[in-house]
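The values are calculated or read from the model by the stated rules, or taken from the named source; none is laboratory data. The structure presented is a predicted model; accordingly, all values stated were derived computationally and were not measured. Note that each Cβ is placed from the backbone with ideal geometry, even for glycine, and that neighbours are counted across all protein chains shown.
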Amino acid sequence: MNLEKPKALGGIRSLVASAALASFIATPAVAGEARIGVLNALTGPIPDLVAVMLQSEQAAAAFINANGGIWNGDKVALAVGDSACDAKAGVDAATKVVNVEQASIIVGPVCSGATIGATQAVTIPAGVVVISPSATSPAITDLDDNDTVFRVCPSDAYQGVTLAKLARSMGYSKVATTYANDDYNAGLHDVFVKAFQDAGGTITADQMHEANKASYRSELATLAQGEPEALVLFAYYNGSGITIMRQSLENGFFSKFLGGDGMVADQVIAEIGADNLADTVFTKGTSDEGSPHFKTYAGLFAKPSDPYVAQAWDTVMIAALALQRAGEATRDLSEHVRAVTNAPGVKVGPGDWAKAKKLLEEGKDIDYQGAGLGEADFDENGDVAGLYGKNEVIDGKWVETIVD
């Protein structure tokens, strides 16, 4: 069958960099429109990372609208709220998106604390499905959510183990750990500590810290006792991570660092300096950039390799496909989310909106294979398996290799 080719790929790239994308940010709901909420975090501890994720989500909506739209040519509109990577702000943003913007489904929040807060207080009671591109706390798995909470990134229950194995393979047997007082960093820390100790490693010192302090020197002095070989840092780069690294180096406390995805940002290189990061390794959930689905996505978006931007595209595609299958602006979408992403079905990818829409209109099953999601299916908890990358600074930039 001769299917229409995706339209305006170059145009989508241009839209990402222009103010024209503002037209995809919704005002209150109107008839003939698919309203998808987006709980992003353009303020808070990781604004630079999140800005590119939002661009990817906006580009996905633009791509859908340029390739036939949804239902009978209707438009996908995004209702954007700022969760600020904070539980209270997440509740406030979700309340607005659900009750005022009348979104049918939500992509995000991007951070774990905001996800837990928003879902427990707002979206689960309202029966609104959320699909996060990047909330990784193991606690999300255990939410009593009536099958309304999904994520296309793997849980830190796996990332913490991966980081521990990586640390041991690098020869570290004694490390100090510190973690920011939030759901994401605490959850990743807990998994790492257990896995590192189970692998024969020793935690010489372990401290929780509060974000956004001017000085962590007293905490670092304590952490440096016991002759640790490295500091394992669980933090957001703009919350406490950069400050802790800088003060560690300035005062001779630590020169070797490990940690998670909250630290993989160009700002770390800019402020700490590439020469000071030779012995630094951070892990994060990643995508198989050699897969055909990722390569298709890379042709649609200008910054495909930035953290979680491929997953951000996938969340909008999955939300729109679920609405397309439902045939109307309903909130009863859990079954449809599973139906369009899990086998069996005709495999469709991140650039196959027109093909997928036609198949659904014909009553056929589809199996969305994502740019970041890959071929993973949602399990009974709304979780997916995934890949992790080892991120190092080489020649002044982050370079990632997939960890086996």
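What the table below lists for this structure:
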{"item": "Filtered residues of region 60-92 (kept if part of a helix (DSSP H, G or I), more than 16 Å from the chain's Cα centre (by Cα) and closer than 29 Å to residue 300 by Cα)", "result": "61, 62, 63, 64, 65, 66"}
{"item": "Flag if residue 319 is at negative phi, among the small types (Gly, Ala, Ser) and at pLDDT 95 or above", "result": "yes"}
{"item": "Per-region count, region 368-390, residues crowded, with 16+ Cβ neighbours inside 10 Å and touching a Ser or Thr at 6+ places or on another chain (Cβ under 7 Å)", "result": "11"}
{"item": "Residue match in region 243-265 (condition: assigned by TED's automatic domain parsing to the domain that holds residue 52, in contact with a helix residue (DSSP H, G or I) (Cβ under 8 Å, 6 or more places away or on another chain) and of a type in the set (D, E, K, R))", "result": "no"}
{"item": "Qualifying position, being outside the structural domain of residue 63 (by TED's automatic domain parsing) and in contact with a helix residue (DSSP H, G or I) (Cβ under 7 Å, 6 or more places away or on another chain), among 337, 316, 346, 403", "result": "403"}
{"item": "Some residue of region 167-179 being modelled with pLDDT under 95, crowded, with 19+ Cβ neighbours inside 10 Å and assigned to a loop (DSSP other than H, G, I, E, B)", "result": "no"}
{"item": "Residue 261 vs. criteria of a type in the set (D, E, K, R) and buried (at least 23 other Cβ atoms within 10 Å of the Cβ)", "result": "yes"}
{"item": "Single unsatisfied condition, residue 277 versus (1) surrounded by fewer than 19 Cβ atoms within 10 Å (Cβ to Cβ); (2) not assigned by TED's automatic domain parsing to the domain that holds residue 37", "result": "(1)"}
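Quick grid of which residues meet (1) surrounded by fewer than 21 Cβ atoms within 10 Å (Cβ to Cβ); (2) more than 16 Å from the chain's Cα centre (by Cα); (3) assigned to a loop (DSSP other than H, G, I, E, B):
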residue: 284; (1), (2), (3): no, no, no
residue: 293; (1), (2), (3): no, yes, no
residue: 300; (1), (2), (3): no, yes, yes
residue: 303; (1), (2), (3): yes, no, yes
residue: 306; (1), (2), (3): no, no, yes
residue: 311; (1), (2), (3): no, no, no
residue: 317; (1), (2), (3): no, no, no
residue: 323; (1), (2), (3): no, yes, no
residue: 328; (1), (2), (3): yes, yes, yes
